[in-house]
Amino acid sequence: MPAHPDLPLPPEADQEKRIFPDTLDLLTVLKEADDRPVCNINDLRREIAILQYTGGTTGTPKGAMITHYALAYACIGTMYWYRHREEDVHLGVTPFFHIMGQQQLMLTPLTSGGKIVILSRFFPDVVAQAISKYRCTYWVTAPTAIIAVLSLPNIKDYDLSSFRCLWTGGAPVSVELQKLMSDLVPRAIVGEGYGHTETLAQGGAVTPLHRYKPGFIGIPPLNDMKIVDLETGTKELGPNEEGEIIIRGPSLMMGYWNKPEETKESLREGWFYTGDIGLMDEEGYLKFLSRKKELIKCSGYSVFPAEVEALLSRHPAVKEVAVIGIKDPYRGESPKAFIVLEPDYKGKITEDEIIEWAKDNMAAYKRPRMVEFRDELPKSAAGKVLKRILVEEEVIRQAERDRGDA
């Protein structure tokens, strides 16, 4: 920490440093280490660089075994993709323990020689101050973080013109949010990325510079990607056909640490089965539709939560939204939307009004039958919405209703 910080500090900065038994203090290790390059790696392709744990948004985190070769390949590929240079200033507020922050904002700048502005916690106003003061040129973060910064009442007081690239990842981005980002930083290239811990952040699909296509993420920059049928996972599908996204290539994990069954299920003949549903158009652009676990089946129709979320995001009152499937005795399942309202709309609009608006703006089988307003959505430390928590809450509610009806 600087001796004289020029930005507001997080609350824990005033607390006494905590020491844990049987652990090493990183700063002490660095201070006592020899000031010379050290390399103890004999096989880049087989030796593990990191055990990177998955985000746990849909289940228990698993340790992905990432080799030195895969990590280096992803970082060098990222550097060339974004044309990173020594004068770039990377905003390092996306957590470094998450694959997106670690690979994109910590290791890649070390590869390209750029500067990293490190913020230990995300506070929207502090982030805006840091961008203005240090003239940040590159930032990739979760859409929720972008929304939080855009929602600052005094956002136009900050100078964000230094951005060269402003990217999102970790969750689908609506066309409306992309437009807001472009309006805020008109000189910057705006895009998004799709990846997994298992593929590293750059190993999925990324928007090519200056070639954003509304509704699509981008193309695979490092690995091979294809769409296969949901039933067997063996038949490759054609352009604009919906199926499971699978990925194979140099920036891919070796498997899950001490989890042979999960590894066997996810890695088949060298391909990583993502558990995500999407399609690729004639140009190879990927459109993310849903996670297989989150797919909602309504009266035989497939409803993709990401699509419903994108449609609801068009309503001016909606700041954030998450959609899950809930039990429906007639339809099997129905979409339920959890919405965080824009401040100006709180107390001025009802859940029923949102449902009525949905009737005029989306197909009958897609529209949510229930809407619940929330002050906030449950999120991981990386800013990703934890839908599994919303699902768990609904399961408990349903069990309580069933007991009441008994």
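The values are calculated or read from the model by the stated rules, or taken from the named source; none is laboratory data. Note that the structure is a prediction, hence the values are computed from the model and not measured. Reconstructed Cβ throughout: ideal geometry from the backbone, glycine too, with neighbour counts over all protein chains shown.
Here is how the numbers come out for the structure above:
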quantity: Every residue from region 141-151 that is of a type outside the set (A, V, I, L, M) and surrounded by 21 or more Cβ atoms within 10 Å (Cβ to Cβ); calculated: Thr141, Pro143, Thr144
quantity: Identity of the residue in region 155-194, touching a residue at least 24 places away in the same chain (Cβ under 8 Å), of a type in the set (Gly, Ala, Ser) and not in a loop (DSSP other than H, G, I, E, B), that ends up farthest from Ile217 (Cα to Cα); calculated: Gly169
quantity: Identity of the residue in region 229-250, aliphatic (A, V, I, L, M) and outside any loop (DSSP other than H, G, I, E, B), that ends up nearest to Tyr73 (Cα to Cα); calculated: Ile247
quantity: Check on Glu242, in contact with a Leu (Cβ under 8 Å, 6 or more places away or on another chain), surrounded by 15 or more Cβ atoms within 10 Å (Cβ to Cβ) and of a type outside the set (A, V, I, L, M, F, W, C); calculated: yes
quantity: Residues satisfying the stated conditions in region 140-154, i.e. modelled with pLDDT under 90 and part of a loop (DSSP other than H, G, I, E, B); calculated: Ala142, Ser151
quantity: Top-ranked residue of region 152-169 - restricted to ones that are of a type outside the set (A, V, I, L, M) and surrounded by 14 or more Cβ atoms within 10 Å (Cβ to Cβ), ranked as farthest from Ile131 (Cα to Cα); calculated: Gly169
quantity: Given (1) in a loop (DSSP other than H, G, I, E, B); (2) surrounded by fewer than 19 Cβ atoms within 10 Å (Cβ to Cβ), number of the condition Met253 does not satisfy; calculated: (2)
quantity: Members of region 390-406 found to be out of contact with any Leu (no Cβ under 9 Å at 6 or more places or on another chain), of a type outside the set (Asp, Glu) and surrounded by 14 or more Cβ atoms within 10 Å (Cβ to Cβ), listed by number; calculated: Val391
quantity: Residue check, Thr199 under 24 Å from Phe272 (Cα atoms) and in the same structural domain as Ile99 (by TED's automatic domain parsing); calculated: yes
quantity: Odd one out for Lys133 among (1) within 30 Å of Asp344 (Cα to Cα); (2) under 19 Å from the mean Cα position of the chain (by Cα); (3) touching a residue at least 60 places away in the same chain (Cβ under 8 Å); calculated: (2)
quantity: Complete set of residues in region 189-215 that are hydrophobic (A, V, I, L, M, F, W, C), modelled with pLDDT of 95 or more and surrounded by 23 or more Cβ atoms within 10 Å (Cβ to Cβ); calculated: Leu200, Ala205, Val206
quantity: Unmet criterion (only one of (1) over 30 Å from His68 (Cβ atoms); (2) free of Cβ contacts under 8 Å to residues at least 60 places away in the same chain) for Thr263; calculated: (1)
quantity: Test: Ile354 is part of a helix (DSSP H, G or I), over 22 Å from the mean Cα position of the chain (by Cα) and not acidic (Asp, Glu); calculated: yes
quantity: Cross-chain or 6+ apart pairs with Cβ under 8 Å, region 72-86 first and of a type in the set (Val, Ile, Thr) and at pLDDT 95 or above, then outside any helix (DSSP H, G or I) and surrounded by 21 or more Cβ atoms within 10 Å (Cβ to Cβ); calculated: Thr78/His84; Thr78/Ala201; Thr78/Gln202
quantity: Some residue of region 171-182 being closer than 24 Å to Pro250 by Cα and modelled with pLDDT under 95; calculated: yes
quantity: Criterion: surrounded by fewer than 17 Cβ atoms within 10 Å (Cβ to Cβ) and under 29 Å from Glu265 (Cβ atoms) - qualifying residue of Ala33, Ala72, Ala64; calculated: Ala72
quantity: Any hit, region 81-95, residues being among the acidic types (Asp, Glu), in the same structural domain as Leu166 (by TED's automatic domain parsing) and crowded, with 17+ Cβ neighbours inside 10 Å; calculated: yes
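So that you can scan it fast, the table gives a plain yes or no per residue for (1) surrounded by 19 or more Cβ atoms within 10 Å (Cβ to Cβ); (2) touching a helix residue (DSSP H, G or I) at 6+ places or on another chain (Cβ under 8 Å); (3) modelled with pLDDT of 95 or more:
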{"site": "Gly275", "(1), (2), (3)": "no, yes, no"}
{"site": "Leu286", "(1), (2), (3)": "yes, no, yes"}
{"site": "Glu294", "(1), (2), (3)": "yes, yes, no"}
{"site": "Ser302", "(1), (2), (3)": "no, no, no"}
{"site": "Val308", "(1), (2), (3)": "yes, no, no"}
{"site": "Ala337", "(1), (2), (3)": "yes, yes, yes"}
{"site": "Tyr365", "(1), (2), (3)": "no, no, no"}
